[in-house]
Structures are given as C-alpha cells and as structure tokens.
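Inspection log for the structure reproduced underneath, given as structure tokens.
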Amino acid sequence: MAVIDNSQLSLCQKKFDGLRVGYAFAKRKSSSSLKVKSVSRINMALATDVSRFEGVTMAPPDPILGVSEAFKADTNDLKLNLGVGAYRTEDLQPYVLNVVKKAENMMLEKGENKEYLPIEGLAAFNKATVELLLGADNDATKQGRVATVQGLSGTGSLRLAAAFIQRYFPGVQVLISSPTWGNHKNIFNDAGVPWSEYRYYDPKTVGLDFEGMIADIKAAPSGSFVLLHGCAHNPTGIDPTPEQWEKIADVIQEKDLTAFFDVAYQGFASGSLDEDASSVRLFVARGMEVFVAQSYSKNLGLYAERIGAINVVCSSSDAAIRVKSQLKRLARPMYSNPPVHGAQIVANVVGNPTLFDEWKSEMELMSGRIKGVRQRLYDNLSAKDKTGKDWSFVLRQIGMFSFTGLNKAQSENMSNKWHIYMTKDGRISLAGLSLSKCEYLADAIVDSYYNVS
Amino acid sequence: MEGQADRDGDLRFQPTAGSAVSAFQHLEQAPEDPILGVTVAYNKDPSPVKLNLGVGAYRTEEGKPLVLDVVRQAEELLIQDRSRYKEYIPIAGLVEFNKLSAKLILGDGSPAIGEKRVATAQCLSGTGSLRVGAEFLSKHYSQHIIYIPVPTWGNHPKIFNLGGLSVKTYRYYDPRTSGLDYEGMLEDLHAAPPGAIVLLHACAHNPTGVDPTQDQWEGIRQLIRLKGLLPFFDSAYQGFASGSLDADAYSVRLFVGDGGECLIAQSFAKNMGLYGERVGALSIVCRSATVATRVESQLKLVIRPMYSSPPIHGASIVATILSDRNLYYNWTVELKNMADRIISMRHQLYDALKARGTPGDWSHIIKQIGMFTFTGLNKDQVSFMTAEYHIYLTSDGRISMAGLSSKTVPHLADAIHAAVLRLG
C-alpha cells in the first residue's frame, strides 16, 4: 500500500482551493488505509495511460455484412458478390425504384416539415402498412384489433417485439427455424429472450423437413412464440405449401402457441403482394393473435431508409390499444421516435393509385428477373454437372436467396478460388447475380461441390 | 361470414376465434410519455389561444416549424445526384458523416482525431446515441452505475436502465437560487465509486437551462479525472445555445483536451432542425488508436441486433452541409438566428413579468441558456395554466422558449402572473 507524504496531500489541496469544498484526505494527515487506497488508485489512474477499454476485444466482422467488405477488398476482375440480399439489375447496379424517385420529388415539392413523428410513427404509413399486409377489407383492421408501430425496418421491428416479449412474457421462448437469418439469434439474445430451434431444412432433399418442424413445434411449452418466415424463407428459399401452412396453424392453435411472422419480402417473392401475404392472412382469418414484423427494404428498395413496422393482431381492440401503448414505451428509450423519410416515401407510393400500380409492376419486374436467373443457373448446373444430380431445388426455392447445399469449406472455396462471395452457410443471393454470370457461377458450384469436402 | 362482431369488435362471440383468452390479458395501458404526451393533450384542445410550450422543437416567430434553407438545398442536391442509391450503409453509419460529426464537436485539429483515438458511430439522434453508448458500457465496462443530474431530461433514466446500467443521481439544480448547486454536485461526484459513469449536459442543460461557468467546468473536470470517473456527454444543442458552435462545445473540448477518455452523444435534431430524420452520433474518445478500433468493432455488435444499420437520409443532409464551405457558413447564420430569437423571447418574457409586477425574482429567465426555461412553477400552478389559459408545458415547470413568439409572450406572462398570485 502506498504511503502518502505531505507533499502529495498539499498538491491535492491546491487543486481544490478554488472549490471551497473540504476533502477528507487533504485535511487528515493520518494515512488510514482507506484513504491511502483511494488516493493511490487515483494516482495510478493519472500516472498510467491505460485505457479503461483496454480489455475490449476485436469483434469479428458480421457474417453477412462482412461478406461485402471482403468482396470490396478483392481486386480480381471475375469477382461476384452474392452475399447481402440487396437487389441488383442485370448490370449488377443498385436499383432505386422509379416510384421511389417520384415520391421523393413529390415530397420535396410539397415541402414537408421535419418535425418529430409520434413515437408510434407516421399515421399515414401505419395505416398503409397494415392494409398492405392484411388486405384493405380485413376484419381485424376494421375492428381496431391491430396494434401497429413503425419500426426500423425488419430488424428494428423484430427488436421491439423481442423487447416486448422479454418484458411481458419473461422466460417465454421463441422457437426459430434451423437455419434462419443470422441476425435473429442476436436480436433475441440482446433482448434477453430465450430461443430454441425447430427443424426446418432437410439437407437430404434440399427441401422442408415438415414432419420434423411439426414435431418440434408440438413439443414446445405452451405459450411459446414461433418465428415463421411469411414467405421466401431466408436463407433457404424453401416455403411451406398452402396445405402445410394450414397444418402449422392447426398445431399452433392446438398447443396454445403464438405465431410471430417475419415478413421481409411481401411482393418480392412471387411478384404478388396478396399471394406473399397469404400465410399471415390465413392465421389472422382464423382469429389467431399474431405478431408480424414487416420490412420495406427489399420490396420498395428502401434498404438504407430503415422502414418497417411491428404489427400485433389481438383478439380485441382494447388489447390492441394496451399493446400499442407498451410498444411505444419500449421505443421511447431506444430511439424516441422513428425516422420520417422512408415512412413518407411508403405512404406516398401506397396512397397514390398511379404510383401504387407502378410499384406493383416494378416488383413483378424484380421478382421476374430473379426467376429468370434461377432458370438460367439451373440450366447451366444441369448442363455442367455430368453426374445427373438433381439441381431442380434451385427452381423450387423462392425469393432472393438460394440455399445451394454447399458446406462451409465448399463456400470458402467459392471465395478463395473463384472470387465468389457468399455466406458460409451455403446461401447465395440471386439478386446479385446476372444472366451473363450464371455460367461462371455454375462452374464454381460444381467444382466446390465435388472437389472440396 | 361466421357471426357478426359486436360493437366492440369483441371476438369472443366469433366461432372461428382461437382461444377466447387473449395472450395480452395481463397487459396494462401505459401512460402517455410525459413530454411527448403534452403535445398529444395540446392537439386535443380546441381553444384558439392554446400554446404548446412542451416539446423542444423550434418554432418561427409565426409559430411554424422551420426547415432550414441549407437543409432544403442539401436535399435538392441529394435528389439530383444520379449516382446516389439506397443500399444499406455500414452498421456504424456513413463514414463521411462520422468524420464530420466528430470534427464538429471536438474541433478542427483536435489531437484526439489526429491520433485516431475516436470511435464514432452514426446513431438515431441523441436518444439512439445514448442508448448504444449505454449498451456498450453495460457489456464492456467494469462499472455499471451512471450518475445523472437532478433534474435531467425525463427520458435519460429510462434509456440507461433499459441499456443495462443502474442510475444514481447527483445534485445539480438549486431551487433557492434557480442556479447550479456546484458544491452539492462536487460532493456527490466525489462520493461516487471510482470509475462510475457521469452524465454531463454539454451545454444548455435540459430542463433547467443552468450551465456551469468555465471555471466550474474546470473544477468538475479535475474532480472527475482525480476520481477516475467516466464522463458521458449529452450534446443536443451545439450552436443552438449561444449561437456559437465553438462556445457550445467548450466543456467537451476541455475534457478531451486533457487526454482522458469520454463518451459523447451528439444530436442534430435541434441545431439542424432535423428532428424527425433522427440523426446523431456516438463518439467514444479512447486513450489509443488500437483501443478505438476495437471499441468501434464492438459498437457494431450492439447496433446490428438493434436495427442493423442507421437511416441514410438525415446523415446525408448533415454530411452535405458540413462538407460544403458555403452551406456550412449559411448554416451558422441560420443557427445564430434561431439562437438569437430564443434569447430575445427570454428578454421579452422577463420584461413582461416585470411590467406586470409578478412577485418573485424572474432573472433566471434571462440567465438560463438554451431552448428551455425552468420557470420554478410547481405542478399545481402548471395545471392551472393549462386549464385556465390553455398553455401546455411539462409538469416540472419547464417551458420551451422556442415555442414562444412576440405575439404570445403577453398571454404566457398573464398566465404565469395569475398562477403565481392564485397559487403562489
């Protein structure tokens, strides 16, 4: 233990002369151990240049977003970025929808102000988003049974719901599909919500393990939440059939579980807004209470504007009012109120019949391009793979992504040898693929699948 | 269709309903947010003389919201730029925005920036920056106690609690002087455990408008460094308080200048009028560049599960303005105009109360700084003013000077006068 001598004491005294506040260690001359300890610690803090964050370790790059970073660092001409699910044109350029440009021009002309939105977000947006999701004529909406809060795209909406579950259903689990979008686990972890997995992907068939899925959901504790991808499952692209959705709803009702839909691709998957929402609407039509997180990142190309919503369909309008008030209470200490720009764009597009129709056409175009790319890739794979392996799952899968069936080592071979960047779970983003690159990709996949284990 | 819903839309009588009991049976209705709820109540009031002095949003002399000219110009430039697209920006936000924001608060040529010791992440305005900072500290810092001044912005304790920190207080406002309880503040900070986090309002303290003097800031700095406490600045009014960006950054730069570490939450809601765009930044000033790099990587792990990446629009506007000499200069002019109008409202209100002979010393109205005045009125007087004069303010007696105009000052003065006489 250090001993303080009088000179140190008087130094401390001098520093505080102007403060007119007595300091015990400046006055007392006895070196009681308590005082000595605290001053020596203080002296240490001053003397050393050690950061209080010295122990902070370097975090690994995000497994999904980090792929783009690796791609950027690659100087090879043949490189291809099939990492993030951001739609690209046939020329592999980012795409800002025409209706979005028009809406932004309209907004600038109108001269909208930039006042704080209410905590729950832009009213016009909230109204539009629930109509898009459930249909304009939906009973749940008409009866005021849906609590809607604008959220920061899909992630932010999921996080609000997770925080809500943690607070009002403490200890209750969320069941997530195996596999699922990589960030789902992080969201529930950070929100303090326990999760477990239900079987989903069957590597043998490169299809849905429906029996496994049903068995695992049936085994869940009563009251659990079940996270379902509304359409275009990420990362597999494998969706239940309408009949399978009915069975899933049956089980969830029987076992008194709550469905929690992640809807990130409405309109983008099949090209039809209504068709892509059919799973959600099926559950709601049965009178079930459901959570639905929505995102406009892909279907309106508004990725960076962070626009989405959390909807909670309740069994009464009274419950919806209370639920909404509690969601707001969670949003306020997170970011106070959501950003206005993306919400205005959505409201303007959906609220204008001409723009709305134009939007539907643009969505058909985007999903059409992806279907075309799937077909070309399938054709190339079938031609190049002389073993006769059935690659038709590429055609059956839906949405932006395809689960190739490649494992970690094989995926790494894709990057290391072929300069094709994808996530290590074997997922490729078809949105980042052009028709002209399909052949190169097919060569790479065939090589990785057969020559790397 | 199966069964008509009754008037309440109660599904109990619909045969297709799942279980009759809602999963949300046990949920209570949350009360309206005390600050934002003031505007909700104001909106419901049909009185033609109603006045909203609740939320801190700037209003023109005509009582209208203001979008700065430079903001409109920046938006025009952005929309005309054909090379712009809307793909995800990095998790920690726009690189250019982050650099410019750090420079704005720390000053040109700040050694902390030159030595690459600052980790900056674009966040959702002040609230988002505070929340991300709190979550980072709760995960990576050994001390989980944060000291906040009494009083402080109503949202602060909630942000820190939900962010994983526990909240203690230090004395700040002295109601007897309507000024700073400097000795009380130092005593309470001295009693804090080593390493505890201390929330400091960089300038224009909300809700009191009472700031330490430069000498007092120096005393606070010495004590904080001596006790090894970790300062966490909330800078929501840079340039808006005094009209000078540099003057309003004095306290932050004083601390950073001694080479020590701190956190800074910046908001562009008020000084750029970008409220609804949610633009802000969290900067963590570290002892070394290597630490700053690791800290930044961990900030991303906090952000990704919260909202993946921040919104592009507001940050692009800020970056456009800060990086263009003309826009930047014009911004400083518009900023000074806003600050000056508020200072003028302070003087007008003070004069009006003096003219009415309202009992009490009202000089704190002109001594306090920033958007708000802590009037010293109590809850009952506030309720009275709302009920009888349709004036909306928070129950702690805080009024937003930004919501006043020359036309409405007399009405407010009448209300205060009546409240003091009736319930003084």
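Before moving on, here are some points about what is shown:
- Only a single item in (1) more than 8 Å from chain B (Cβ to nearest Cβ); (2) open to solvent by 10 Å² or more (accessible area, probe 1.4 Å) is not met by A:Ala331, and it is number (2).
- Residue check, A:Glu243 open to solvent by 50 Å² or more (accessible area, probe 1.4 Å), at pLDDT 95 or above and more than 24 Å from the chain's Cα centre (by Cα): yes
- Filtered by the rule that a residue be facing chain A (nearest Cβ under 7 Å) and either open to solvent by 40 Å² or more (accessible area, probe 1.4 Å) or at pLDDT below 85 (or both), the range B:4-25 gives B:Ala5, B:Asp8, B:Gly9, B:Asp10, B:Leu11, B:Gln14, B:Thr16, B:Ala17, B:Gly18, B:Ser19, B:Ser22.
- When the range A:167-187 is limited to residues that are among the polar types (S, T, N, Q) and under 22 Å from A:Ile248 (Cα atoms), the one that is surrounded by the fewest Cβ atoms within 10 Å (Cβ to Cβ) turns out to be A:Ser178.
- Residue within the range B:342-352 that is part of a helix (DSSP H, G or I), of a type in the set (Ser, Thr, Tyr) and open to solvent by 60 Å² or more (accessible area, probe 1.4 Å) present: no
- Residues located in the range A:93-107, provided they are open to solvent by 40 Å² or more (accessible area, probe 1.4 Å), more than 9 Å from chain B (Cβ to nearest Cβ) and either out of contact with any Asp or Glu (no Cβ under 7 Å at 6 or more places or on another chain) or farther than 30 Å from A:Val373 by Cβ (or both): A:Lys102, A:Met106
- Residues that are under 21 Å from the mean Cα position of the chain (by Cα) and among the aliphatic types (A, V, I, L, M) within the range B:21-49 comprise B:Ile35, B:Leu36, B:Val38, B:Val40, listed in sequence order.
- Residues in the range A:339-358 that are in a helix (DSSP H, G or I) and open to solvent by 40 Å² or more (accessible area, probe 1.4 Å) were compared, and the one that is modelled with the lowest pLDDT is A:Gly351.
- Note on the range B:64-156: enclosed helices (runs of 4 or more DSSP H) holding 2 or more residues that are out of contact with any helix residue (DSSP H, G or I) (no Cβ under 8 Å at 6 or more places or on another chain) and closer than 16 Å to B:Gln266 by Cα are B:95-106, B:125-140.
- Boolean, B:Lys407 is open to solvent by 10 Å² or more (accessible area, probe 1.4 Å), of a type outside the set (A, V, I, L, M) and farther than 16 Å from B:Asn52 by Cα: no
- When each of A:Ser336, A:Ser415 is tested for being over 27 Å from A:Pro63 (Cα atoms), small (Gly, Ala, Ser) and surrounded by 15 or more Cβ atoms within 10 Å (Cβ to Cβ), the lone residue that passes is A:Ser336.
- Those residues of the range A:46-56 which are open to solvent by 90 Å² or more (accessible area, probe 1.4 Å) and either within 20 Å of A:Asn416 (Cβ to Cβ) or modelled with pLDDT of 85 or more (or both), in sequence order: A:Val50, A:Glu54
- Within the range B:71-103, restricting attention to residues that are touching a residue at least 24 places away in the same chain (Cβ under 8 Å) and touching a Phe, Trp or Tyr at 6+ places or on another chain (Cβ under 9 Å), the residue that is farthest from B:Arg304 (Cα to Cα) is B:Val71.
- Scanning the range B:365-404 for residues that are of a type in the set (Asp, Glu) and buried (at least 16 other Cβ atoms within 10 Å of the Cβ) yields one hit, B:Asp396.
- In the range B:125-139, the count of residues that are buried (at least 22 other Cβ atoms within 10 Å of the Cβ), over 23 Å from B:Gly37 (Cβ atoms), modelled with pLDDT under 95 and not assigned by the TED database to the domain that holds B:Arg398 is zero.
- Top-ranked residue in the range A:67-92 [being surrounded by fewer than 17 Cβ atoms within 10 Å (Cβ to Cβ) and outside any loop (DSSP other than H, G, I, E, B); ranked as nearest to the other protein chains (Cβ to nearest Cβ)]: A:Glu69
- Only one entry in A:Gln173, A:Gln143, A:Gln166, A:Gln150 is of a type in the set (S, T, N, Q), assigned by the TED database to the domain that holds A:Val130 and within 26 Å of A:Asp209 (Cα to Cα), namely A:Gln173.
Each row is one residue, and each column tells you yes or no for (1) under 24 Å from A:Val56 (Cβ atoms); (2) within 12 Å of another protein chain (Cβ to nearest Cβ); (3) modelled with pLDDT of 95 or more.
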position: B:Tyr141; (1), (2), (3): yes, yes, yes
position: B:Tyr147; (1), (2), (3): yes, no, yes
position: B:Gly179; (1), (2), (3): no, no, no
position: B:Asp188; (1), (2), (3): no, yes, yes
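- Per-region count, the range A:366-390, residues surrounded by 15 or more Cβ atoms within 10 Å (Cβ to Cβ) and either among the acidic types (Asp, Glu) or touching a Lys or Arg at 6+ places or on another chain (Cβ under 8 Å) (or both): 2
- Annotation: of all residues in the range A:108-152 being within 17 Å of B:Ser125 (Cβ to Cβ) and not in a loop (DSSP other than H, G, I, E, B), the one that is nearest to the other protein chains (Cβ to nearest Cβ) is A:Gly151.
- Selection status of A:Ala309, in contact with a Phe, Trp or Tyr (Cβ under 9 Å, 6 or more places away or on another chain) and either at pLDDT 95 or above or under 22 Å from A:Ala215 (Cβ atoms) (or both): yes
- Scanning the range B:74-99 for residues being within 27 Å of B:Asp246 (Cβ to Cβ) and either open to solvent by 20 Å² or more (accessible area, probe 1.4 Å) or small (Gly, Ala, Ser) (or both) gives a total of 8.
The values are calculated or read from the model by the stated rules, or taken from the named source; none is laboratory data. This one's a predicted model, so the numbers in the text were calculated from it and none came from an experiment. Neighbour counts are summed over all protein chains in view; Cβ atoms, including those assigned to glycine, are modelled from backbone coordinates with ideal geometry. Surface areas here come from the heavy atoms of the whole protein model, side chains and all, with no ligands, DNA or RNA. Shrake-Rupley method; radii C 1.70, N 1.55, O 1.52, S 1.80 Å.
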